[in-house]
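In what follows, a single structure is set out as structure tokens and then discussed.
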Amino acid sequence: MITATFRSSPSATRVRSVRSVELQGPAGRLEAVLNEGSPEARFAAVIAHPHPLGGGSLHNKVVYHAMKVMNAPEWGFGWPVLRFNFRGTGRSEGEHHGTAEVGDVRAALAWVGNEYKLPVVAAGFSFGAAMTLVASCGLPTGDEGSPDVRALVAIGLPVRSGTAVDLPPAYDYSFLAQCRMTKFFLSGDNDRFATKAELIQAVAAAAEPKHVALVPGADHFFTGHLHAMQSALAGWLKEQVHDSGQRCCV
């Protein structure tokens, strides 16, 4: 558990506006919203939403609160942050698939990388976390035109599915053994899609660097614990990404 809080300095730069963006994904146009960052931003970020068949969209409250940590001046980062709707969600074209959404994440990462020419933090919540890990760990590194993904944030990573959506009975994260980007796994310790033991076991074989944090008493959606989730995320980003220089990318 991370207990540290993180507040901005009085000189934190005010972030810019919010604007709608259309991305070109593998299945057609993807609806997206960009919270523009400060001119001094050192990173950009993408956040993927939870399962659309469970009501997930870019407006999900966990996704929104995670975006505020990375973007809002009071948390001290001021990064540009892109949220997008997976295919078949909101005004995004295409139909829900279940695994091909990895391509939607890659389209969002490519757009942010091209737009800002900054290192990127790739984040996702629930289904979005699973898709983000696959998409980011499979990206070529150092290739011209490939987004420069430096860190991964998996919030509420599912290990087993619920009955309300068409998720597989269990997820396979064995590919993380070859993924050497710094990784943060942040969940509630009362998450119905992954108990503490299940989450730790799922990421045990993941390559370093990695860190697991559990918010006491929180369910999958961090009900009543959103600020604790934000504080944990901010603390890790500050220590492992924002203030760490190249150390975050080994």
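The values are calculated or read from the model by the stated rules, or taken from the named source; none is laboratory data. Bear in mind that the values here come from a model prediction, so they are computed numbers and not experimental data. Don't worry about glycine lacking a Cβ; one is built from the backbone with ideal geometry, like all the others, and counts go over all protein chains shown.
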Which listed residue, of ALA32, ALA44, is at pLDDT 95 or above, over 17 Å from LYS238 (Cα atoms) and hydrophobic (A, V, I, L, M, F, W, C): ALA32
Filter result (within 16 Å of ALA135 (Cβ to Cβ), in contact with a helix residue (DSSP H, G or I) (Cβ under 6 Å, 6 or more places away or on another chain) and either outside any strand (DSSP E or B) or without any contact (Cβ under 8 Å) to a residue 40 or more places away in the chain (or both)) within segment 48-86: HIS49, PRO50, HIS51, PHE86
Residues within segment 71-99 that are modelled with pLDDT of 95 or more and aliphatic (A, V, I, L, M), tallied: 2
VAL81 being among the hydrophobic types (A, V, I, L, M, F, W, C), in contact with a Leu (Cβ under 8 Å, 6 or more places away or on another chain) and either buried (at least 18 other Cβ atoms within 10 Å of the Cβ) or at negative phi (or both): yes
Residue in segment 110-123 that is surrounded by fewer than 21 Cβ atoms within 10 Å (Cβ to Cβ) and polar (S, T, N, Q) present: yes
Only one of ALA232, ALA218 that is touching a residue at least 24 places away in the same chain (Cβ under 8 Å), closer than 23 Å to GLY55 by Cβ and crowded, with 19+ Cβ neighbours inside 10 Å: ALA218
Selection status of ALA151, in a helix (DSSP H, G or I), under 30 Å from ASP189 (Cα atoms), touching a residue at least 24 places away in the same chain (Cβ under 8 Å) and not acidic (Asp, Glu): no
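Per-residue answers, yes or no, for (1) touching a Cys at 6+ places or on another chain (Cβ under 6 Å); (2) in a helix (DSSP H, G or I); (3) within 23 Å of SER136 (Cα to Cα):
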| site | (1), (2), (3) |
| --- | --- |
| LYS183 | no, no, yes |
| ALA213 | no, no, yes |
| HIS227 | no, yes, no |
| LYS238 | no, yes, yes |
Count of segment 150-180 residues which are modelled with pLDDT under 95 and of a type in the set (A, V, I, L, M): 5
Hey, SER126 out of contact with any strand residue (DSSP E or B) (no Cβ under 7 Å at 6 or more places or on another chain), surrounded by fewer than 19 Cβ atoms within 10 Å (Cβ to Cβ) and modelled with pLDDT of 95 or more or not: no
Scope segment 193-207; condition assigned to a loop (DSSP other than H, G, I, E, B) and either hydrophobic (A, V, I, L, M, F, W, C) or at pLDDT 95 or above (or both); matching residues: PHE193, ALA194, ALA204, ALA205, ALA206, ALA207
